[in-house]
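> Sharing a structure below in structure tokens format, with a few things to ask.
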Amino acid sequence: MAREGEGGRGRDRDREERDSEFVDRLVHINRVAKVVKGGRRFGFAALVVVGDQKGRVGYGHGKAREVPEAIRKATESAKRGLIRVPLREGRTLHHDVNGRHGAGRVVLRAAPAGTGIIAGGPMRAVFETLGMHDVVAKSQGSSNPYNMVRATFDALQREDSPRAVAARRSLKVSTLQARRQGGEAEAGADS
């Protein structure tokens, strides 16, 4: 019987270790009011971004009467919806990409080493939790944090690695990258 109890505690410890590998960033808290017979009832909505700083990231939304509970719900929601993003050299994007959600539009561009994260508030939180070190991003359109985060995730989901492109086109990665470098040399010769 004692062993069963120890196994239960072990599971909780494993869950805590798995959760501790994630970094969470609070992006936005919104206070909302519900008008009832006796006056107003206030609640809070939280937007949280969670990532492991190794290429996985997710966002979540939570609502509750208290701020800590809303943040906890949002964090759990974010962990359920993680996506993997391919990174070049573990620091930047493979190619430039656009994303949109509603009226929010974002442009993400790969950047050379040492550039840093050049991005606005909600997008910066996504890149920091993702583990990206060099990127230039521009938000065009809505400045609503929800739309900006969703548009950023739309762009990140469109990101492809050379390995995925090569597999889709039945080529070797080396052939694909040789063509890319050959194309850059021809473009340099034309100008």
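The values are calculated or read from the model by the stated rules, or taken from the named source; none is laboratory data. Just so it is clear, the model here is predicted, and its values are computed rather than measured. Glycine also receives a Cβ, built like all others from the backbone with ideal geometry; neighbour counts cover every protein chain displayed.
> Within region 112-123, is there a residue that is outside the structural domain of Phe42 (by TED's automatic domain parsing), crowded, with 18+ Cβ neighbours inside 10 Å, touching a residue at least 12 places away in the same chain (Cβ under 8 Å) and part of a helix (DSSP H, G or I)?
yes
> Return the residues of region 28-80 that are surrounded by 14 or more Cβ atoms within 10 Å (Cβ to Cβ), part of a helix (DSSP H, G or I) and not acidic (Asp, Glu); say none if nothing qualifies.
Passing the criteria: Val67, Ala70, Ile71, Arg72, Lys73, Ala74, Thr75, Ser77, Ala78, Lys79.
> For region 137-166, what are the residues that are within 21 Å of Ala111 (Cα to Cα) and in a strand (DSSP E or B)?
Ala137, Lys138, Ser139, Gln140
> Restricting attention to region 154-174, does a residue exist that is touching a strand residue (DSSP E or B) at 6+ places or on another chain (Cβ under 6 Å), charged (D, E, K, R) and buried (at least 18 other Cβ atoms within 10 Å of the Cβ)?
Checking region 154-174: at least one residue is touching a strand residue (DSSP E or B) at 6+ places or on another chain (Cβ under 6 Å), charged (D, E, K, R) and buried (at least 18 other Cβ atoms within 10 Å of the Cβ).
> Can I ask one more? Within region 60-69, is even one residue on the phi > 0 side of the Ramachandran plot, assigned by TED's automatic domain parsing to the domain that holds Gly43 and within 13 Å of the chain's Cα centre (by Cα)?
Checked against the condition, which is being on the phi > 0 side of the Ramachandran plot, assigned by TED's automatic domain parsing to the domain that holds Gly43 and within 13 Å of the chain's Cα centre (by Cα), region 60-69 yields no hits at all.
> Being at pLDDT 90 or above and within 30 Å of Glu21 (Cα to Cα) narrows it down to one of Arg109, Arg105, Arg163, so name that one. Working first, answer last.
Numbers: Arg105 fails: within 30 Å of Glu21 (Cα to Cα); Arg163 fails: at pLDDT 90 or above.
Result of the check over Arg109, Arg105, Arg163: Arg109.
> So which residues in region 70-100 are assigned by TED's automatic domain parsing to the domain that holds Arg150 and acidic (Asp, Glu), if there are any at all?
Glu89, Asp96
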